[in-house]
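Following: one structure in structure tokens, then a few remarks.
Values quoted throughout were computed directly from the atomic coordinates according to the rules given, and no laboratory measurement underlies them. Since the structure is predicted, the reported quantities are computational estimates derived from the model, not experimental observations. As a convention, Cβ positions derive from the backbone with ideal geometry for all residues, glycine included, and neighbour counts pool all protein chains shown.
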Amino acid sequence: MKYDLIIKNGTIVTATNSYKADLAVKDEKIVAISEKIEEDAKKIVDAEGKLVLPGAIDSHTHLAMPFGGTVSSDTYESGTRGGACGGVTTVFDYPVQRKGTSIMELINEKKSILEKEACIDYASHVCITDLNNGEIIDEMETAVKEGITSFKVFMVYKKEGMMTDDATFVKLLKRAKEIGGLINVHAENPDLIDLKVEEFLKEGKTSAWYHYLSRPEFVEAEADKRAVHWAKNLQAPLMIVHMADKEGLNAAIDAKLDGATIFLETCPQYLEFTSDVYKREDGRNFVCSPPMKGKESQDAIWQAVQNGMIDTIATDHCPFQSYEKDWGKDDFTKIPNGLAGIENLYPYMLDAANSGKITFERAVELCSTNPARIYGCTQKGELAVGKDADIVIYDKDKEFTVTIDKMHTKCDHTVWEGKTFKGYPVQTYLRGNLIYDNEEFVGKPGMGKFVKREPQKY
Ligand code: URP
Ligand code: ZN
Ligand code: ZN
């Protein structure tokens, strides 16, 4: 048998074009793409009338993360199972360094869990909270050599002990630049947040709406601008994650147009919802940081998605169960921050393509090709000969309404409840192996492999 798998008669979508072709897989790699492949294969799939897409890369998730007085409710197994069922074939996790400890130990600890549990391929951005008298600066180079080429800093979460001060941030930006790495940043101003929170609690303003009002547009914009300032002046590459406000977005776009190497990520929740959701009775279920903003910011972000200024879409998947969200019924500061989303990422962006808001090529670029390129996943992000056979078959005509019973993660609710997608993934292949088939997970924990990434000259 010449091939392991042939997908016939589908329309292959790349970041730049779409065309009808057959695709053949051998030993987990794409080995041929051509108008007609007539040879034999162990398995032949007819994708007539369907789109054939590269698997999505969710480059922002927090699985089993200790946070908000609890642990995010998806394990590495359940989170990646959900990803598989939404067409995600590679996931990036954000393990957080405990102050005073080694990042290589953390990386190895997580790897040993992931290799048993992950249902899709995996990589990590390491969140650095402490330089350990400079030790971490050396360890970063070891991490890059081992294929972990990106690191995260939080400009917030001061009280939680996760915040990085400006001096550390600058040191990390410089170091990452030297070693072909990339710094990702969560940009919000912690002191402004604390000031507002104190004010609201004193006044008895405790509903989820005050989560938004304690972190409004200018709180994110100030930090975005500070982050942009450092990156621009140090000529260091920077990724601003979960971008959600217009003023910060515009500052970053100006810097990009001025030649700074700044990448921008946003998330489906900022494209779909505005701060109005915090006025809802179940508003606490939408509490995440940064919070959803007003319509002006939402429109600006959509525009940047459409005009190429946003580089990647990822989910910031960090779910908490309803009973945990309920801790904050009478005090928004007690609500664990984060939402489930890994299973909804590709369906959401492909629905946007199906309804003409963006092209299918742009959806592929944002959800697969760009994250692979920016984060150095050289084997991923594209349907091309030599790449990993991470493939999604997508039915443009299948309607799917999200409801928690149909989701494959562990969380007991979803902010996407009731959302109808026009078009839906019907199959997901991880390196040529079928892991999702018509609403059913058919893979296994442990199938996922570590993605060794290449350092980049940004
Ligand atoms: O609310 C969020 N986003 N929780 C996860 C941690 C983070 O800030 O990314
Ligand atoms: Zn964040
Ligand atoms: Zn996050």
> What does the charge count near Asp58 come to, summing +1 for each Lys or Arg and -1 for each Asp or Glu among other residues with Cβ under 10 Å from its Cβ?
Replying inline: -3
>> Going through the cross-link list Lys246/Lys334; Lys116/Lys422; Lys29/Lys449; Lys334/Lys406; Lys177/Lys256, which pairs have a Cα-Cα distance over 24 Å in this structure?
In response: Lys246/Lys334; Lys116/Lys422; Lys334/Lys406
> Taking the Cα atoms only, what angle lies between the long axis of helix 166-179 and the longest principal axis of the chain, rounded to 10 degrees?
Replying inline: 30
> Pairing the Cα long axis of helix 190-202 with the longest principal axis of the chain, what angle in degrees results, from 0 to 90 and rounded to the nearest 10?
Replying inline: 70
> Going down the table (Lys174/Lys295; Lys145/Lys171; Lys26/Lys398), which pairs top 26 Å between alpha carbons?
Replying inline: Lys174/Lys295; Lys26/Lys398
> Between rounded, prolate and oblate, where does the stretch 54-374 land on the alpha carbon gyration tensor, with a ≥ b ≥ c its root eigenvalues, rounded for a/c under 1.5, else prolate if a/b exceeds b/c?
Replying inline: rounded
>> So for each of 371-383, 150-162, 126-138 I average, over its residues, the number of other beta carbons within 10 Å; can you give me the resulting order with the highest mean first?
In response: 371-383, 150-162, 126-138
>> Give me a comma-separated list of calculated 3J(HN,Hα) values for the stretch 430-446, in order, Karplus coefficients 6.51, -1.76, 1.60 applied at θ = phi - 60°, integers in Hz, x for any Gly or Pro.
In response: 9, 6, x, 9, 5, 10, 8, 9, 6, 6, 10, 7, 10, x, 9, x, x
> For helix 103-117, what angle does its Cα long axis make with the longest principal axis of the chain, in degrees from 0 to 90 and rounded to 10?
Replying inline: 40
> Quick one: which of 251-261, 290-300 comes out on top by average Cβ neighbours within 10 Å, and what's the full order, highest first?
Replying inline: 290-300, 251-261
